[in-house]
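Structure first, then comments.
The values are calculated or read from the model by the stated rules, or taken from the named source; none is laboratory data. Here the structure is a predicted model, which is why all the values come from computation and not from measurement. We place every Cβ from the backbone using ideal geometry, glycine too, and count neighbours over all the protein chains shown.
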Protein chains: 2
Amino acid sequence: METKGLLMVFTGTGKGKTTAALGMALRASGHGLPVCVIQFIKGNWRYGELDALPKLGVELHTMGRGFTWKSDNLDEDRRLALEGWNFARERMGSGRYHMIILDEFTYLLHYRMLDLAPCLETLAQRDPALHLVITGRYAPEPLIELADLVTEMQAVKHPLQQGIKAQRGVEF
Amino acid sequence: METKGLLMVFTGTGKGKTTAALGMALRASGHGLPVCVIQFIKGNWRYGELDALPKLGVELHTMGRGFTWKSDNLDEDRRLALEGWNFARERMGSGRYHMIILDEFTYLLHYRMLDLAPCLETLAQRDPALHLVITGRYAPEPLIELADLVTEMQAVKHPLQQGIKAQRGVEF
């Protein structure tokens with residue numbers, strides 16, 4: 001049995017991917033361990049976590065202002081994706097963190113806004129003590145192969161399917 | 001589209017059930033909404049969350065001191081289960097919370113330490129504004145039917161399968 005930094009992936013179409021990552025941040029910060037959360041997609045929203053994480057001493061960075069991966073300006077999306085990834089790489093190389101969370105990062109790979117092979121190489125060659133958590137739908141198979149822990153969140157039931165709208169303090 | 005308190009279930013054998021519930025607590029508390037977490041199984045452990053939740057103003061209660069559902073004293077297990085459930089019911093009826101999390105509660109149902117039918121009736125007849133989050137493996141089918149949102153966490157890969165031991169700030 002060995003101890004090492006884990007690459008953890010929460011993927012699938014069900015609810016709970018980002019929330020599980022936030023729970024990891026909460027847990028690690030409860031031990032006084034430094035955590036950095038980098039949001040790749042949801043940055044435009046005012047989630048409850050934006051207020052709660054700093055109270056726990058968790059660093060939170062929002063990448064891709066306006067970056068929606070639905071834009072009709074693909075060059076601009078790619079530029080923002082690369083900018084976000086370069087920021088994440090810098091943090092990963094800083095040696096300052098116990099855990100880094102790349103929230104919704106899988107979309108950048110799935111939609112080919114970043115080149116997969118060099119990304120995976122960077123993830124694989126990171127500081128061996130650093131724990132990484134990556135969330136988002138459609139985790140590419142090579143990322144799953146590289147990961148130490150992968151959970152697929154499967155939607156058995158979803159309230160939006162039942163005519164109940166998203167609610168403050170629950171879904172955001 | 002209506003707004004109502006949701007019954008949310010995180011089940012399955014994969015990692016991320018309790019962590020997703022903790023993320024829900026973090027998110028709601030970030031909005032200043034009162035949250036109560038009741039741990040039914042893991043109370044003997046010193047998780048990072050035990051330190052982090054109070055910083056967010058989240059109430060945390062540990063039920064079933066010594067309650068392991070592996071005991072050879074089934075009567076004592078049942079007594080503790082009922083005690084925990086009565087506590088949870090009292091909190092659910094208090095009108096004080098936006099969200100209540102019943103962590104690892106499914107085991108009490110799966111292992112028949114509580115009678116399923118009256119439990120489900122209490123859950124169904126709760127304050128309609130109250131959000132409930134229930135976690136644990138083996139969520140019984142009638143609970144899934146009653147729930148508004150159900151995610152099954154499926155283990156695609158688990159580090160314990162790969163000879164890496166549980167680590168502070170990650171798994172506890």
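Quick check on my filter: what residues within region B:1-42 are of a type in the set (S, T, N, Q), surrounded by fewer than 22 Cβ atoms within 10 Å (Cβ to Cβ) and more than 17 Å from A:A155 (Cβ to Cβ)? Before you say what the answer is, go through the steps one by one.
Step one: of region B:1-42, the residues of a type in the set (S, T, N, Q) are B:3, B:11, B:13, B:18-19, B:29, B:39.
Restricting the remaining residues to those that are surrounded by fewer than 22 Cβ atoms within 10 Å (Cβ to Cβ) gives B:3, B:13.
Answer for region B:1-42, where residues must be of a type in the set (S, T, N, Q), surrounded by fewer than 22 Cβ atoms within 10 Å (Cβ to Cβ) and more than 17 Å from A:A155 (Cβ to Cβ): just B:T3.
Which of the residues belonging to region A:1-31 are of a type in the set (G, A, S) and at pLDDT 90 or above? Don't jump to the end; show me each part of the working.
Taking region A:1-31 and keeping what is of a type in the set (G, A, S), we get A:5, A:12, A:14, A:16, A:20-21, A:23, A:25, A:28-30.
Answer for region A:1-31, where residues must be of a type in the set (G, A, S) and at pLDDT 90 or above: A:G5, A:G12, A:G14, A:G16, A:A20, A:A21, A:G23, A:A25, A:A28, A:S29.
Out of B:M153, B:M99, report the one residue that is crowded, with 23+ Cβ neighbours inside 10 Å, touching a residue at least 12 places away in the same chain (Cβ under 8 Å) and over 19 Å from A:A155 (Cα atoms). Outline the logic, then answer.
Working: B:M153 fails: over 19 Å from A:A155 (Cα atoms).
Only one candidate qualifies: B:M99.
Based on this model, can you work out whether B:F105 counts as surrounded by fewer than 24 Cβ atoms within 10 Å (Cβ to Cβ) and either modelled with pLDDT of 90 or more or over 13 Å from the mean Cα position of the chain (by Cα) (or both)?
On the way: surrounded by fewer than 24 Cβ atoms within 10 Å (Cβ to Cβ): no; either modelled with pLDDT of 90 or more or over 13 Å from the mean Cα position of the chain (by Cα) (or both): yes.
Against the criterion (surrounded by fewer than 24 Cβ atoms within 10 Å (Cβ to Cβ) and either modelled with pLDDT of 90 or more or over 13 Å from the mean Cα position of the chain (by Cα) (or both)), B:F105 does not qualify.
Quick one: how many residues across region B:78-101 are of a type in the set (D, E, K, R) and at pLDDT 95 or above?
Filtering region B:78-101 for residues of a type in the set (D, E, K, R) gives B:78-79, B:83, B:89-91, B:96.
Narrowing the set further to residues that are at pLDDT 95 or above leaves B:89-91, B:96.
Summing the residues that are of a type in the set (D, E, K, R) and at pLDDT 95 or above in region B:78-101 gives 4.
Which of the residues belonging to region A:102-157 are within 10 Å of chain B (Cβ to nearest Cβ) and among the basic types (K, R)?
Within region A:102-157, A:K157 is the sole residue that qualifies.
Looking at the structure I just gave you, is B:R65 exposed (fewer than 15 other Cβ atoms within 10 Å of the Cβ) and either in contact with a His (Cβ under 7 Å, 6 or more places away or on another chain) or modelled with pLDDT under 95 (or both)? Show your work before the answer.
Working: exposed (fewer than 15 other Cβ atoms within 10 Å of the Cβ): yes; either in contact with a His (Cβ under 7 Å, 6 or more places away or on another chain) or modelled with pLDDT under 95 (or both): yes.
Yes, satisfied.
Could you please find all residues in region A:158-170 being modelled with pLDDT of 70 or more and surrounded by fewer than 19 Cβ atoms within 10 Å (Cβ to Cβ)?
Listed by number, the residues that qualify are A:H158, A:A166, A:Q167, A:R168.
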